[in-house]
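The values are calculated or read from the model by the stated rules, or taken from the named source; none is laboratory data. This structure is a prediction, so every number in the text was calculated from the model and none was measured. Positions of Cβ are backbone-derived with ideal geometry, glycine not excepted, and every protein chain shown enters the neighbour counts.
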Amino acid sequence: MSHVKPSANMVPLNIAVLTVSDTRTEANDTSGDLLANNLQAAGHQLAGRAIVKDDVYQMRAVVCQWIADANIQVILLTGGTGFTGRDSTPEAIAPLLDKEIIGFGELFRQLSLAQVGSSTIQSRALGGLVNKTLVFCLPGSNNACQTAWEGILLEQLDSRQKPCNFVGLLT
């Protein structure tokens with residue numbers, strides 16, 4: 001249920017997309033493409049895009065560079081949030097956060113329950129704020145990225161969303 005106030009002005013955000021994968025390339029990064037296309041369709045700017053291996057230090061290197069860039073307001077990571085041996089996105093990002101947005105992971109799992117059933121408990125989707133930059137760690141599947149975008153991020157990154165949104169924390 002959207003609570004977007006149509007008469008208000010939209011504040012576009014600068015959003016970077018980081019794909020975490022041992023197998024994805026620019027040619028087959030469909031979840032990164034999906035997020036980049038969705039954010040631009042919503043009126044935001046794509047401020048950066050990269051692909052890194054599922055390696056804690058490679059992820060942190062890119063994310064730290066982006067959170068130090070005052071021009072980047074939001075970082076979306078896709079991939080590495082599962083429960084398998086190589087999945088390490090939460091371990092890479094959680095220590096960097098000043099504040100965790102606990103409700104993000106909770107709501108994501110609630111929304112994805114209808115799509116993947118009890119397998120949603122293996123999702124370690126994560127959100128938080130660091131250095132006035134929002135960071136969201138999403139699963140790597142297109143369906144999961146679309147669920148997170150449509151069910152949470154589209155509204156919460158929209159300055160017209162009432163009663164509250166994240167934009168006020170960033171501007």
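Points worth noting:
- Of all residues in region 33-63, those satisfying the criterion of being aliphatic (A, V, I, L, M), assigned to a helix (DSSP H, G or I) and more than 14 Å from Glu150 (Cα to Cα) are Val56, Met59, Ala61, Val62, Val63.
- Those residues of region 117-147 which are touching a Pro at 6+ places or on another chain (Cβ under 8 Å) and over 24 Å from Gln65 (Cα atoms), in sequence order: Ser123
- Test: residue in region 82-97 that is of a type outside the set (A, V, I, L, M) and at pLDDT 95 or above: yes
- Residue check, Ala70 among the hydrophobic types (A, V, I, L, M, F, W, C), assigned to a loop (DSSP other than H, G, I, E, B) and either under 25 Å from Thr171 (Cβ atoms) or within 17 Å of the chain's Cα centre (by Cα) (or both): yes
- Scanning region 79-101 for residues that are among the aliphatic types (A, V, I, L, M) and assigned to a loop (DSSP other than H, G, I, E, B) yields a count of 2.
- Applying the condition of being among the aromatic types (Phe, Trp, Tyr) and touching a strand residue (DSSP E or B) at 6+ places or on another chain (Cβ under 7 Å) to region 128-171 and asking which residue is farthest from Ser112 (Cα to Cα) yields Phe166.
- Residue count for region 110-131, restricted to those that are closer than 16 Å to Ile93 by Cβ and either over 13 Å from the mean Cα position of the chain (by Cα) or outside any strand (DSSP E or B) (or both): 5
- Residues of region 101-116 include none that is crowded, with 20+ Cβ neighbours inside 10 Å, closer than 20 Å to Ala47 by Cα, touching a residue at least 24 places away in the same chain (Cβ under 8 Å) and not hydroxyl-bearing (Ser, Thr, Tyr).
- Region 1-52 - residue that is among the basic types (Lys, Arg) and at pLDDT below 95 and, of those, farthest from Leu154 (Cα to Cα): Arg24
- Exclusive hit being touching a residue at least 24 places away in the same chain (Cβ under 8 Å) and touching a Lys or Arg at 6+ places or on another chain (Cβ under 7 Å), set Asp87, Asp22, Asp98: Asp22
- Within region 118-139, the set of residues being among the small types (Gly, Ala, Ser) and at pLDDT 90 or above comprises Ala125, Gly127, Gly128.
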